[in-house]
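The values are calculated or read from the model by the stated rules, or taken from the named source; none is laboratory data. Not measured: the values here are computed from a predicted model. Cβ placement follows ideal geometry from the backbone for every residue including glycine, while neighbour counts extend to all protein chains displayed. For accessibility, only protein heavy atoms count, side chains too; no ligands or nucleic acids. Shrake-Rupley method; radii C 1.70, N 1.55, O 1.52, S 1.80 Å.
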Amino acid sequence: KEPVSGKWVDVNKGGPGEMIVRSRYVARDFKGKERRRDDLFAATPPLEAKRWLLSRAASNRKERRRKLLLIDVRKAHLNPKCNQDVYVQLPEEAGAAKGMCGKLVHWLYGCRPAARAWEDHYAEKLEGVGFVRGAGSGVVFDHEGRDVSAVVHGDDFTFCGYDEDLDWVQALMWEWFEIKVRARLGADEKDEKEVSILGRTVRWCDWGIEYEADEKHRRIFLEQLGL
């Protein structure tokens, strides 16, 4: 069997007139005819899960308000170990000799089991410290003892809780993964008041929380409709 082929994928994560380019070498392990294969993909939360977190953060309790902590995990699919013998073509930049290929130690983006392996990997970490996985959605988690909840969408983690509990889970995330703390939305002066969550701009207001489609997605939508 030949090794799995690969290619470079370049994505501009910036907005209009802004170049924030992410380059990633990915495996080409998917076949176009493989449809309706739930075992190849990680679960995604329903919109109601995000709305539930926003509702919890906007509700008062004991004269305190919970906050929202947004964390991105960098190179998420590269974290779980590859427990199979998987060989991939190496890019030219690797300088490998002709006929040489690479054997995966960790999963690579574009491999069929990678997304599910990532989901199992972070779920094991969260459950190991007391989080309970949702029965209706496997990417919703709740820690009753610490009163902190989480919704995971791929490599985007959104936590809701009080400061001390968010500090605790943020420290754990630093230990487990390479992360970027995007924002902590809250009522205190030091807290951020606006952030983008999965194509929505979320604003923390004195009266509660609001969200709307962010500028990038709104622009794409209008262009596709010819408006």
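Here are the numbers for the structure shown:
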| quantity | calculated |
| --- | --- |
| Simple spin-label estimate for L222 and C101 in nanometres, 7 Å along Cα-Cβ | 4.8 nm |
| Only Lys, Arg (+1) and Asp, Glu (-1) charged, at Cβ; the range 139-204 dipole about Cα centre in debye | 380 debye |
| Residue-by-residue Karplus 3J(HN,Hα) for the range 200-215, coefficients 6.51, -1.76, 1.60, Hz, glycine and proline x | 10, 8, 9, 10, 8, 10, 4, 8, x, 10, 10, 8, 8, 4, 6, 4 |
| All-pairs Cα distance distribution in the range 86-165, expressed in whole percent, bin size 10 Å | 15, 36, 20, 16, 11, 2 |
| Within the chain, longest stretch clear of exposed trypsin sites (Lys or Arg not before Pro) (DSSP loop, no more than 16 other Cβ within 10 Å) | 99-189 |
| Residues E124 and L47, FRET efficiency given R0 of 35 Å [Cβ-Cβ distance, rounded to 0.05] | 0.85 |
| Among H153, A115, V129 - extreme Cα towards positive end, dipole of the chain, charges at beta-carbon | A115 |
| Computed FRET value (nearest 0.05) for I209 with K81, which takes r as the C-beta separation and R₀ as 41 Å | 0.60 |
| Extension reserve of the D10-R200 stretch, reckoned as 0.36 nm per residue once the Cα distance is removed | 66.1 nm |
| Dipole in debye (nearest 20) - the chain, about Cα centre, beta carbon charges: Lys, Arg +1; Asp, Glu -1 | 760 debye |
| Surrounding net charge for R24, when Lys and Arg each add one and Asp and Glu each subtract one, Cβ distance under 10 Å | +2 |
| DSSP loop chymotrypsin sites (Phe, Trp or Tyr not before Pro) with at most 15 other Cβ within 10 Å: longest gap in the chain | 42-206 |
| Neighbour net charge for E215 - beta-carbon separation under 13 angstrom, K R +1, D E -1 | -1 |
| With every protein chain in place, the chain: carbon and sulfur % of accessible area (1.4 Å) | 49 percent |
| Virtual spin-label span in nm between I20 and D188, 7 Å along Cα→Cβ | 2.5 nm |
| Charge-dipole axis of the chain as Lys and Arg at +1 and Asp and Glu at -1 on Cβ define it, positive-most pick from S59, V140, M173 | V140 |
| Highest-fluctuation residue, E48, E63, E164 considered, GNM on the chain with Cα pairs under 10 Å | E63 |
| Pairwise Cα inverse-distance average, inverted: Kirkwood Rh of the chain (Å) | 19.8 Å |
| CD proxy at 222 nm, helix term only [per DSSP H run n ≥ 4: -39500 (n - 2.57); per residue of the chain; nearest 500] | -7500 deg cm²/dmol |
